[in-house]
Amino acid sequence: MINAFLISLISGALGLLISVLTVFFIVISNSFFKYNTFRFFNEIMVLGFGILGWYFIPSGILCFLFFLLISTLYQIYRIIREIYSIDVRFRILVLALGKDRFEYSLFSIKRVRKRIIGSFFKLLVILIASYAISQSLHAMLVGVISLLVGVILIFLKLD
């Protein structure tokens, strides 16, 4: 259990750092980033991937890299969704007041920093819960069902 907690914590923290830097550079770019492909990394899908990851991947560097990838993509989705949920008129107002894209990117990440920390702790709880579920008798069945439910939620746009 300690090993699972440490893998979840370190991969989540490193994934948070990578995702904040990635989002910073996405917001600096002039184009509007379409984040619909990242919808596959909502909470239910991450739970399913986590269960199946703990169940099939042996503990070690491969497990760490798998959860690093999952945490990075999940947190990119959450941060981008929070930043782009800010009203478009507000974004235009900030940029029209003479702020450049760098200042706007810093401002928008500072504005959602509490939600970023909240999504990190939510990811940590999801990964630890997925480890606990992966130790049960029907872990593979629960993992596949959660992936199916996650896909259904994505197609119905309920995430």
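Numbers at a glance
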{"quantity": "Backbone HN-Hα couplings from phi across segment 66-78 [Karplus 6.51/-1.76/1.60, Hz, Gly and Pro as x]", "calculated": "4, 6, 5, 5, 4, 5, 5, 5, 5, 6, 4, 4, 5"}
{"quantity": "Mean accessible surface per residue for segment 40-159, computed with a 1.4 Å probe while every protein chain stays in place, in Å²", "calculated": "56 Å²"}
{"quantity": "Theoretical ellipticity at 222 nm over the chain - DSSP helices of four or more residues, -39500 (n - 2.57) apiece, nearest 500", "calculated": "-26500 deg cm²/dmol"}
{"quantity": "Apportionment of accessible area to carbon and sulfur, segment 1-119, percent (1.4 Å)", "calculated": "72 percent"}
{"quantity": "Size of electric dipole in segment 52-159: Cβ of Lys, Arg +1 and of Asp, Glu -1, about Cα centre, debye, nearest 20", "calculated": "460 debye"}
{"quantity": "GNM top mover of Glu103, Glu43, Glu82 - the chain, alpha-carbon springs below 10 Å", "calculated": "Glu103"}
{"quantity": "Full-stretch length increase - Phe102, Leu156 - with 0.36 nm per residue and alpha-carbon distance subtracted", "calculated": "15.9 nm"}
{"quantity": "Solvent exposure ordering (accessible area, 1.4 Å, most first) of Lys114, Lys157", "calculated": "Lys114, Lys157"}
{"quantity": "Extension reserve of the Phe5-Arg89 stretch, reckoned as 0.36 nm per residue once the Cα distance is removed", "calculated": "26.0 nm"}
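The values are calculated or read from the model by the stated rules, or taken from the named source; none is laboratory data. As the structure is a computational prediction, the values presented were derived from the model and not from experiment. Because the Cβ atoms are built from the backbone with ideal geometry, glycine has one as well, and the counts that use them run over all protein chains shown. When the accessible area is computed, the model is the full protein with side chains, heavy atoms only, and any ligands, DNA or RNA have been set aside. Shrake-Rupley method; radii C 1.70, N 1.55, O 1.52, S 1.80 Å.
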